[in-house]
Structures are given as C-alpha cells and as structure tokens.
1. Within segment 98-106, does at least one residue satisfy the condition of being hydroxyl-bearing (S, T, Y), open to solvent by 30 Å² or more (accessible area, probe 1.4 Å) and not assigned by TED's automatic domain parsing to the domain that holds L239?
2. Name, by its number, the condition in (1) open to solvent by 10 Å² or more (accessible area, probe 1.4 Å); (2) not in a loop (DSSP other than H, G, I, E, B) that does not hold for A291.
3. Show the residue pairs meeting these rules: Cβ distance below 7 Å; 6+ apart or different chains; first residue within segment 95-107 and in contact (Cβ under 8 Å) with a residue 40 or more places away in the chain; second residue open to solvent by 50 Å² or more (accessible area, probe 1.4 Å) and within 8 Å of ligand 1 (Cβ to nearest atom).
4. Go through segment 172-199 and give me each residue that's away from ligand 2 (no atom under 16 Å from the Cβ) and free of Cβ contacts under 8 Å to residues at least 40 places away in the same chain.
5. For segment 61-90, what are the residues that are hydrophobic (A, V, I, L, M, F, W, C), in a strand (DSSP E or B) and under 19 Å from N106 (Cα atoms)?
6. Quick check on segment 44-60: of everything there that is assigned to a loop (DSSP other than H, G, I, E, B) and in contact (Cβ under 8 Å) with a residue 24 or more places away in the chain, which residue is nearest to ligand 2 (Cβ to nearest atom)?
7. H159 fails exactly one of the following numbered conditions: (1) more than 14 Å from ligand 1 (Cβ to nearest atom); (2) within 27 Å of E208 (Cα to Cα). What is the number of that condition?
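The values are calculated or read from the model by the stated rules, or taken from the named source; none is laboratory data. In this text, all values refer to a predicted model and were calculated from it rather than measured experimentally. For neighbour counting, all protein chains shown are included, and Cβ atoms are generated from backbone atoms with ideal geometry for every residue, glycine included. Keep in mind that these areas ignore ligands, DNA and RNA; they rest on the heavy atoms of the full protein, side chains included. Shrake-Rupley method; radii C 1.70, N 1.55, O 1.52, S 1.80 Å.
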Amino acid sequence: MLPNFSYVRPKSLDEAVRHLDSPENRIHAGGTDLLGCLRERVFGVAKIVSLSGIQELKGITETAEGGLRIGALATLREIAESPLIRSKYPVLAQGAAEAASPQLRNQGTLGGNLCQKPRCWYYRGDFHCLRKGGDLCYAMVGENAFHCILGGDACYIVHPSDTAPALVALGATVRITGAGGPRTVPVEEFFVPPTQDLTRETVLEHNEILTEILLPPPPQGLRSSYRKVRARRSWDFALAGVALALQFRGEEVAGGRVVLSGAAPIPWRSVEVEEVILGKRLDAETISAAAEAVVKNAEPLAQNDYKLPLFRAIVEEELSAIAKV
Ligand SMILES: Cc1cc2nc3c(=O)[nH]c(=O)nc-3n(C[C@H](O)[C@H](O)[C@H](O)COP(=O)(O)OP(=O)(O)OC[C@H]3O[C@@H](n4cnc5c(N)ncnc54)[C@H](O)[C@@H]3O)c2cc1C
Ligand code: SF4
C-alpha cells in the first residue's frame, strides 16, 4: 500500500525547486519507478512534486551546432521512435526501445530512467542493507545471480538503465537545476560508484532536478548500436549489454566508446576493449582480442560467472556487426 503524501503540480522549474525543500519530498516524472519504491517502502515520502506541468522539460529538438536537446520528460517511446535520434544516434533509440515494456515506455521518461533506483531484490525488499544505511550486503552472502561482475565494492548492484550506457557512449551531458542554480555534468560523471558513496546513485542533491540531456553533434564516421541480453523476451533488465559509439576512418576504428550494461553499479566504460580496437580494423583477430579484454578485470560473485561468456559473445557479435555497417 502507498503511504500518505501531499501532491503538487508546479508550472515552473523555480516553483518545483521550492517544493523540494526536504529530502522527504520526491520528484515524480512518469512514476513507473517511484510508485514501486513507495509501495515497497524503499524510502518514505511527505510530498510528491510532479514535473508533468512544466512545459520546458518536454520535447526533442536539434541544437544550432547540430547536436540534440532532449527534455527530461521525453518518454522512452518518443526517444525510441524519434526519426532524428534513430538516424543520428541509433544507439540511444535502440537503448530506449529495449527498456521495459511498451506500456512502461509510454509512461517512463528519460530523466526518470537515468534516476531510477537499483533493482537489487534485497534493496527492494525488507532488508536494511548497506545501501539503505545498514551494515550488511545481503547479496554478497545470498542470491547474487543478477549482480555485478565489475566495479563492485561493498555493494554489488548493476545499473538498471538501458539508455544510460548509450548516453555515456555518445559523450552526452545533463543539465541540472536546483536551489544553487543550474549546472552541467557529463553523463559519465553523473552516476556515483559504490567506491565513492554507496548510499547514492547519482550526483543529484534532493532539491535538484535533471532538466535536459544534451547530445553533441555526431562526429564524422560515427556508427553506433546497443545490444542487450535478458532472461525473458517480454520485458526484463539486462543480464549483459553493450553500447557502441565508434568513429571509423575507412575500415579503421579512429575513436569512440564501449559501454557495458548489466555489468557494474554504473554504466561501465570498457577501456580494455577500447584500447584493443583503437587504430585497428575490426578483423577476426582484433574482435577475438576485444572479446577477451571485456572480462579481463571481471570479479564474478558466487552465482554470476555465466556473465563472462555472455559478455565475450555480445562484444564479439556487436563488433562483427558494426564492422559491416
Ligand atoms: C516492470 C519494470 C521493468 C523495467 N525494465 C526496464 C528495463 O529493462 N530497462 C530500463 O532501462 N528500465 C526499466 N525499467 C525502469 C523504467 O524504464 C523506469 O521506471 C522509467 O524510465 C522511469 O521513468 P519515470 O519517468 O517513470 O520515473 P519516475 O518513476 O517518475 O522517477 C524515477 C526516479 O527518478 C527521480 N526522477 C525522475 N525524474 C527526475 C528528474 N527529471 N530529475 C531528478 N529526479 C528525477 C524520481 O524522484 C524517482 O526517484 C523498468 C521498470 C519497471 C517497473
Ligand atoms: S548489492 Fe547493494 S543494494 Fe543489494 S543488498 Fe548489497 S548493499 Fe544492498
């Protein structure tokens, strides 16, 4: 059952920020994650601040420089179906299309997708684990088949978003507004790993709102794609995934990023794979070396070493596919 709360629907960002004067007041975008957290008593709430009346948080528009500005309230469906995004940044359209179910993509927003809470079943259940301020990681000693193989430290969640790896791969930034005024943060620095602070997932303060996502103009020779492996076809979070945004000069990889989902507590940049492919043609030898490199530093838990062959396979398949585009 949902707890009692008051509800406001401000018409401007300033008004919304004023309502966020307590950590118990929560932002509501599409509500697909927030309402689940409240129902499951993951955290409490005094006031819900709906963003839905703030027009400036909507829309997808091209910038003067040839990049893209996506309002935080753009839905996952709008992103998956946008002709602009599909043609210029396919990795992002594919990430949005792979998230959740059609109903959730109609309602869920890009801002909410980046700010959603972890899916660890102990965190979502009645367990006062480390991330909730307790003194034990239940996953470490319990069921950890869906947890991380990279970047874990005291907490072993995997980041749940399918759009975040695409945005990191594309070098996107987010604009944030709060009581202290606006600021811009690269998406790569937006997420907080457990090594830094395991009680928060993003750099947002409780009174800050993510207002828009900015994509740089696509560089010359950009090819991009997102691949996700999940346990069920209907809807499910990634067991393993890879976002590629690579710049080609002829047949050679001249730059770009490789970012993993389902691997780590944050969207995980695989510098190991990037180093193997940079300056190379994606021939069989390079692809095979990249597939080994992706799990070089992995530290699987007791029940999730099945992820190692999964990551090797999707890196091999996706690099082979992008080489032929
Ligand atoms: C059954 C199910 C399956 C799912 N499967 C997937 C999946 O496979 N892949 C995937 O990527 N996601 C998945 N999701 C997550 C889903 O995509 C997110 O719930 C959705 O994108 C969140 O958007 P929302 O607008 O509904 O966010 P809300 O629920 O409104 O908000 C989510 C969180 O973000 C905060 N927030 C929202 N907007 C802002 C903002 N602009 N600024 C600051 N804070 C904000 C809220 O306070 C809240 O804590 C799934 C969810 C469900 C329920
Ligand atoms: S993995 Fe993180 S969220 Fe899950 S039980 Fe451990 S500390 Fe809690």
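1. Within segment 98-106, none of the residues are hydroxyl-bearing (S, T, Y), open to solvent by 30 Å² or more (accessible area, probe 1.4 Å) and not assigned by TED's automatic domain parsing to the domain that holds L239.
2. Exception for A291: condition (1).
3. Going by the 7 Å Cβ cut-off, the qualifying pairs are A100/W235; S101/W235; L104/T32; Q107/T32.
4. Correct list: R175, I176, G180, G181, P182, R183, T184, V185, P186, E189.
5. Answer for segment 61-90, where residues must be hydrophobic (A, V, I, L, M, F, W, C), in a strand (DSSP E or B) and under 19 Å from N106 (Cα atoms): just I70.
6. Out of the qualifying residues, it is G44.
7. (1)
So that you can scan it fast, the table gives a plain yes or no per residue for (1) open to solvent by 40 Å² or more (accessible area, probe 1.4 Å); (2) under 13 Å from G262 (Cα atoms):
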{"residue": "R131", "(1), (2)": "no, no"}
{"residue": "L136", "(1), (2)": "yes, no"}
{"residue": "M140", "(1), (2)": "yes, no"}
{"residue": "A145", "(1), (2)": "no, yes"}
{"residue": "I149", "(1), (2)": "no, yes"}
{"residue": "C155", "(1), (2)": "no, no"}
{"residue": "P160", "(1), (2)": "no, yes"}
{"residue": "A164", "(1), (2)": "no, yes"}
